[in-house]
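Below is one structure, written out as structure tokens, with a few remarks after it.
The values are calculated or read from the model by the stated rules, or taken from the named source; none is laboratory data. Computed from a predicted model, the values in this text were never measured in an experiment. For neighbour counting, all protein chains shown are included, and Cβ atoms are generated from backbone atoms with ideal geometry for every residue, glycine included.
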Amino acid sequence: MSGQTLKLKPVEPPVQLQATLEPVWVRVLLLGLALAFVTLFLFIPLVAVFSEALRKGWGVYLAAIQEPDALSAIKLTLIAAGISVPLNLIFGVAAAWAIAKFEFRGKNVLLTLIDLPFSVSPVISGLIYVLLFGAQGWFGEWLREHDIKILFAVPGIVLATIFVTFPFVARELIPLMQAQGSEEEEAALVLGASGWKTFWHVTLPNIKWGLLYGVILCNARAMGEFGAVSVVSGHIRGETNTMPLQVEILYNEYNFTAAFAVASLLTLLALVTLALKTIVEWKTDESRQRIPQE
Amino acid sequence: MAFLSKNRAKARRVIPGFHLSVGFTLFYLGLIVLIPLSAVFIKTFTMTWEAFWHTVTSERVMASYRLTFGASLLAAFINVIFGGILAWVLVRYKFPGKRLIDAFVDLPFALPTAVAGITLATLYAPNGWLGKLLVPLGIKVAYTPLGVLVALIFIGLPFVVRTVQPVLEEAEKELEEAAISLGASHCQTFVRVIFPTILPAVLTGFALAFARATGEYGSVIFIAGNMPMISEITPLFMITKLEQYDYAGATAIAVVMLIISFILLLTINALQAWTRRRQTAGRE
């Protein structure tokens, strides 16, 4: 309300003032509850995965992850992620560009629609492709006549993976590009740069960390998706099993050590994802601090 | 394109790529999300209303709704309490291992659901690390509705923490200091000053955790035991229908679940808008 007068930013005290700090017993109680919750729900399960996988020693563990079915599951998982992540990356950049740089009617509806796959149950995400490409589905007859297999084959798994990971990159980029505005791009364009040049040299360096963050999360979900892929895969061993489906089959056959061995690889992937995510968060904090406050 | 270029908005646009980016976004959205999802609704129209109603209200489905939504509500509520405490501790206290715990909060997002499922089932089985302690006390978790609850608490854990944490960080210390120095107790300060600030974020986290839990499949099926009428969740019932080639039946239940998801999505959007208004209003 003070108009254009200079506002002095109060210097924040490095440590919390004593007055607002709760009594010791409250602090100890809250910290104890938080640590107990985290231990019970995060740390014990994490340790359990590796402990179960190595229960019979390294030899059995290494044999389990080198088994032909396990290797083919790893390959299929890499294929599914390798196709769905780049496609959703291109979509994410296009959607963020459209929403952040332009004003148009129906923008909020578009934002909500982009979020849709997040709020749909994984089982329904698989079911929709059964309805489209299954034997009784819309394109079922046509596909059979032309001898194209989508359902219970690799294309179905890829489609289901694209669907469940659809919003990840867009979700990270839209708020970031909205916050950055388009002054820098406008300057580049006025100075004569082409549209693509502006994108590569101005926009991309500004959004690189957010982009990486979105890709990391998208990849983790793509490699770990279970429900949707389970509906469309048909569970053919060595052919249409991804790593999570291989974990399920081994577990249901009471082959617990092998199930946890494959699961441990997915857990390592989760840990790498968390580590990268933390690094990217530090980097974005750093670059945000480098931007001078208005 | 020609008629659009006469548009008033276009005249002011300097940034290129409007048609390309909006066009590609709509094309990809339609192809990947909208057309496939519409198949669910169109398939349901092939059923008579009586058949549809009979399918979505049969005794076994009703039992699965009660379990799915009951356990999801309870799990989201438990996550509000413990997630709220965790966010509070992470923002306001200093303790060793804080950064590590902060990073691990997102584990349920990053860990594939099937891995979470088999791990929780193994831990809480009668001979598992935790089952061994609980079963002698008469608490059976694995293969009961309680197992469903445990899995849903796990997958919903990050939501409340991650929505409340930034709001607590941004909350103005001055208000709290003023309340304390004017003689309010810590309890009063929390209820009257801090809680109203974080309420929209808490509700958003609750709704996100609840929405995620209602559709969850992978982490639940291993620990639930999946007994019809007792520990069978709605997503699993859809799978059962599909395996019996009852596509119409599975689709009818999917429509019910989708409508509930849409309502939740709109609620979450409204709650997030409220959170943002609260935060910006606080800064002015």
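Quick notes on this structure:
- Being on the phi < 0 side of the Ramachandran plot and more than 10 Å from chain A (Cβ to nearest Cβ) is not true of B:Thr189.
- Residue in region B:156-176 that is over 23 Å from A:Ala34 (Cβ atoms) and outside any helix (DSSP H, G or I) present: yes
So that you can scan it fast, the table gives a plain yes or no per residue for (1) without any contact (Cβ under 8 Å) to a residue 40 or more places away in the chain; (2) within 28 Å of A:Ser264 (Cα to Cα):
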| position | (1), (2) |
| --- | --- |
| B:Leu120 | no, yes |
| B:Tyr124 | no, yes |
| B:Val135 | yes, yes |
| B:Leu149 | no, yes |
| B:Pro158 | no, yes |
| B:Pro166 | yes, no |
| B:Glu172 | no, no |
| B:Gly205 | no, no |
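- Applying the criterion of at least 2 residues that are surrounded by 22 or more Cβ atoms within 10 Å (Cβ to Cβ) to the helices (runs of 4 or more DSSP H) found wholly in region A:160-239 leaves A:168-180, A:204-224, A:227-233.
- In the set (1) free of Cβ contacts under 8 Å to residues at least 12 places away in the same chain; (2) surrounded by 15 or more Cβ atoms within 10 Å (Cβ to Cβ), A:Phe50 fails one condition alone, (1).
- Subset of region B:7-29 (residues that are at pLDDT 90 or above and more than 7 Å from chain A (Cβ to nearest Cβ)): B:His19, B:Leu20, B:Gly23, B:Leu26, B:Phe27
- Under the condition of being buried (at least 16 other Cβ atoms within 10 Å of the Cβ) and either in a loop (DSSP other than H, G, I, E, B) or β-branched (Val, Ile, Thr) (or both), the residues counted in region A:85-98 number 2.
- Counting only helices (runs of 4 or more DSSP H) that sit completely within region B:183-284, those holding 2 or more residues that are buried (at least 21 other Cβ atoms within 10 Å of the Cβ) and hydrophobic (A, V, I, L, M, F, W, C) correspond to B:195-215, B:218-224, B:234-243, B:247-283.
- Flag if B:Ile139 is over 27 Å from A:Trp25 (Cα atoms), β-branched (Val, Ile, Thr) and modelled with pLDDT of 95 or more: no
- Residues satisfying the stated conditions in region A:99-117, i.e. part of a helix (DSSP H, G or I) and in contact with a helix residue (DSSP H, G or I) (Cβ under 8 Å, 6 or more places away or on another chain): A:Ile99, A:Ala100, A:Lys101, A:Lys107, A:Leu110, A:Leu111, A:Thr112, A:Leu113, A:Ile114, A:Asp115, A:Leu116, A:Pro117
- The criterion of being within 30 Å of A:Leu42 (Cα to Cα) and at the interface with another protein chain (Cβ under 8 Å from one of its Cβ atoms) does not hold for B:Gly225.
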